[in-house]
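Undergrad: Let me begin by handing over the structure; questions about it come next.
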Amino acid sequence: MRGRVAKLSGLVACGLMALSVPTAHAATLVTNGGFETGSFSGWTLTGNTGFTGVDGNAHSGSFAAFLGAVGSNTFLSQTLNTTAGTQYDLTFWLANDGGRPNDFGVSFNGIALTGGGSPALPITNANSFPYTEYSFDVTATGALTALVFDVRQDPAFFHLDDVSVVALSATPLPAALPLFGAGLGLLGFIGRRKKKKGLPMAA
């Protein structure tokens, strides 16, 4: 009996170790969110498209978008395949060279987003700041959802990188979790049997 308890304790330990291993992140819905194609592939540019492009001033990887439309706004957009009623985590990294006038906003499903980082969105005439993460919990209402960045930067540029939209769903259980649960259950069962028979528990 002592050997069986030791084996089950080992199973429980293995289960705990498996639980501590991070699970893989869900894939982003955004195509070319890091602009690593070296272009706006997957994106649509409308409005004032002057002084916009992709270069090496990246937050991560090799490329990022630079957005510096003068006098009116650039609209950088992508239509995402979503599930109605599902919540998503929208994140991106943004930097600003400074100089005025400038403005930067984001909408998801036609709704302008506010807050998310510092300076908070929507940004108007912000001073320069380094790459800063912005994060929002958003909800889709249909199978197709528009993600739109609305940008103007007359004297310099905003820099945008690592755009991601990931479903906020329950984290998949590690494969070892059922084994972990079974081990706990068997340990409890053995403990109850020993107690019932009046036998001392193994140390």
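Undergrad: I need the full set of residues from region 118-130 which are open to solvent by less than 30 Å² (accessible area, probe 1.4 Å) and small (G, A, S), in order please.
TA: The answer is A126, and nothing else.
Undergrad: May I ask you to say which residue of P178, P172 is modelled with pLDDT under 95 and within 16 Å of A26 (Cα to Cα)?
TA: P172
Undergrad: Now for a separate question. Within region 93-106, can you find the residues that are assigned to a loop (DSSP other than H, G, I, E, B) and on the phi < 0 side of the Ramachandran plot?
TA: D97, R100, P101
Undergrad: Something else now. What single numbered condition from (1) modelled with pLDDT of 95 or more; (2) open to solvent by 30 Å² or more (accessible area, probe 1.4 Å); (3) out of contact with any Phe, Trp or Tyr (no Cβ under 7 Å at 6 or more places or on another chain) fails to hold for T23?
TA: (1) is the only condition that T23 fails.
Undergrad: So, one more: Residue under question is T114, and the condition is that it be β-branched (V, I, T), modelled with pLDDT of 95 or more and under 20 Å from the mean Cα position of the chain (by Cα); does it hold?
TA: Considered against the rule, which asks whether it is β-branched (V, I, T), modelled with pLDDT of 95 or more and under 20 Å from the mean Cα position of the chain (by Cα), T114 comes out as yes.
Undergrad: Hey, can you tell me all the residues within region 96-111 that are more than 17 Å from the chain's Cα centre (by Cα) and surrounded by fewer than 20 Cβ atoms within 10 Å (Cβ to Cβ)?
TA: Hits for region 96-111 are D97, G98, G99, R100, P101, D103, G105, N109, G110, I111.
Undergrad: What are the residues in region 73-92 that are of a type in the set (F, W, Y) and either open to solvent by 60 Å² or more (accessible area, probe 1.4 Å) or outside any strand (DSSP E or B) (or both), if any?
TA: Selection gives F75 alone.
The values are calculated or read from the model by the stated rules, or taken from the named source; none is laboratory data. Treat the numbers as computed from the prediction; the structure is a model and nothing was measured. Cβ coordinates were reconstructed from backbone atoms using ideal geometry, including for glycine residues, and neighbour counts include every protein chain displayed. To get the accessible areas, we keep the full protein, side chains included, count just its heavy atoms, and leave off ligands, DNA and RNA. Shrake-Rupley method; radii C 1.70, N 1.55, O 1.52, S 1.80 Å.
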